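Participant: Right, I'll just put the structure down here and ask away after.
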Amino acid sequence: MNFRIPLEHGIDFVGDVHACYDELIEGMERLGYQKQVDGTYVHPNQRKILFLGDMMSRGPYSLRVMRLVMDLVKNNLAYAIDGNHNWKIARYLMGRNVKMAHGDERFVEELKLYEKENGKQKTEAFKEEMKEFLLSLPSHYIITDKGKDVAVAVHAGIRDQDIGKDSPAIRSFTRYGDTAGLDEKGKPIRRDWTIHHHNDLLIIWGHDPSPSAKVINNTINLDQGCVFGGRLTFLRYPEMEIVQVDAKENYANDQEHPISKHFGRV
């Protein structure tokens, strides 16, 4: 697999969308993307958007977001990478026995409503398209500028020695980060992998919601918990300009989440 993509006219990275369609569209329009007659969005300066995984689940409009992302990628207007919710949804669509909880059940509810409105045949075709798309996503991308590697886009994190490589173990790390089992509430205990990053590549990631997007040890986390009532964050690269859209509400209805508390969405 070729993990390298060219910077060309610029890339706009976006953190975990989690089905927050309205905030995604607002952010893209603020960045200058313009809606076309076919429903896709094109930037007048030929910039592209890169989705850092977990585009769906937890929020209200998984299917709208997936339709948009798939169309953008298919038309070479955007890139997308794998993520832990991407992988869970893919396995669900494959018919695997996965527990659809922690917001993933909302994806199932949307599918049921979609089938009621559009029929079984159209729904099965849509499910197959989503499955194939999700299974095709790379674990990470390396961004190149004039032939030089300058940045890495990944969902949950990556070890320096794994950049440009792929394996089941690497995929697990890029989907879930560096974890040390589960806590008493069944949530993963996350270790700080960023302290082991020592090369000069900027690592752009999401997955672990934090109140703000800061460059720490040449890494930047763009997940500011939009679905928990935080913000959807975009990074204009190479300008390193942050653009954020406030969540319209706490879609996850998680009053105990630190992001919900930080942004007063309880």
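The values are calculated or read from the model by the stated rules, or taken from the named source; none is laboratory data. Remember, predicted model here, so these are calculated numbers, not experimental data. Because the Cβ atoms are built from the backbone with ideal geometry, glycine has one as well, and the counts that use them run over all protein chains shown. Surface areas here come from the heavy atoms of the whole protein model, side chains and all, with no ligands, DNA or RNA. Shrake-Rupley method; radii C 1.70, N 1.55, O 1.52, S 1.80 Å.
Participant: Would you mind estimating how fast the chain diffuses translationally, via Stokes-Einstein at 10 °C and 1.306 mPa s with the Kirkwood radius over Cα pairs, in µm²/s?
Facilitator: Stokes-Einstein gives a translational diffusion coefficient of 85 µm²/s.
Participant: What ³J(HN,Hα) values, in whole Hz, does the Karplus curve 6.51 cos²θ - 1.76 cosθ + 1.60 give for segment 199-204 when θ = phi - 60°, with x put for Gly and Pro?
Facilitator: Once rounded to whole Hz, the list reads 8, 8, 7, 6, 9, 10.
Participant: Extent of segment 37-122 along each principal axis, from alpha carbon coordinates, in Å, largest to smallest?
Facilitator: Taking the Cα atoms of segment 37-122, the three principal extents are 43, 29, 21 Å.
Participant: Name the residues of segment 15-46 whose amide N is less than 18 Å from a point 7 angstrom out from the Cα of GLU109 along the C-beta direction?
Facilitator: Correct set: 18-22.
Participant: Another question, then. Give the longest segment of the chain that steers clear of GluC sites (Glu not before Pro) in DSSP loops with at most 10 neighbouring Cβ atoms within 10 Å, not counting the sites themselves. Write down the numbers at each step before the final one.
Facilitator: On the way: sites that count: GLU184, GLU239, GLU256.
Excluding the exposed sites themselves, the longest stretch runs over 1-183.
Participant: I would also like to ask the following. What does the accessible area per residue of the chain come to in Å², with a 1.4 Å probe and no ligands, DNA or RNA counted? Numbers along the way, then the final one.
Facilitator: Numbers: 12510 Å² over 266 residues.
It amounts to 47 Å² per residue over the chain.
Participant: Quick check: pseudo-label points 7 Å beyond the Cα along Cα→Cβ at GLN46 and LEU135, how many nm apart are they?
Facilitator: About 3.5 nm, to one decimal.
Participant: Would you calculate the separation in nanometres between label points at LYS116 and GLU26, each defined as 7 Å from the Cα along the Cα-to-beta-carbon direction?
Facilitator: With each label point 7 Å from Cα toward Cβ, the separation is 2.8 nm.
Participant: Here is a further query. If you take every residue apart from PHE173 with its C-beta less than 15 Å away from the C-beta of PHE173, what net charge results, scoring Lys and Arg +1 and Asp and Glu -1? Don't jump to the answer; show the numbers that get you there.
Facilitator: Numbers: positive: ARG159, LYS165, ARG171, ARG175, ARG190, ARG191; negative: ASP82, ASP160, ASP162, ASP166, ASP178, ASP192, ASP208.
Taking every Cβ under 15 Å from that of PHE173, the sum is -1.
Participant: Please identify every one of the trypsin sites (Lys or Arg not before Pro) in segment 59-137 that sits in a loop by DSSP and has no more than 12 other beta carbons within 10 Å of its own beta carbon.
Facilitator: Values: sites: ARG64, ARG67, LYS74, LYS88, ARG91, ARG96, LYS99, ARG106, LYS112, LYS116, LYS120, LYS122, LYS127, LYS131; in loops: ARG96, LYS99.
Sites meeting the loop and neighbour criteria: ARG96, LYS99.
Participant: Shifting gears a bit: Which of these, LYS248, LYS146, LYS214, has the largest mean-square fluctuation under a Gaussian network model of the chain (Cα springs below 10 Å)?
Facilitator: Of the options given, LYS146 has the highest mean-square fluctuation.
Participant: Check TYR79: other-chain or 5+ apart residues with amide H under 5 Å from its amide H, H built from backbone geometry?
Facilitator: For TYR79, whose amide H was placed from the backbone, the distant partners under 5 Å are ILE49, LEU50, PHE51.
Participant: Gaussian network model of the chain, Cα springs within a sub-10 Å range: biggest mean-square fluctuation belongs to which of HIS102, HIS18, HIS140?
Facilitator: In this elastic network of the chain, the residue with the biggest mean-square fluctuation among HIS102, HIS18, HIS140 is HIS102.
Participant: Any idea how far the Cα center of segment 122-143 sits from the one of segment 24-92, in Å?
Facilitator: 12
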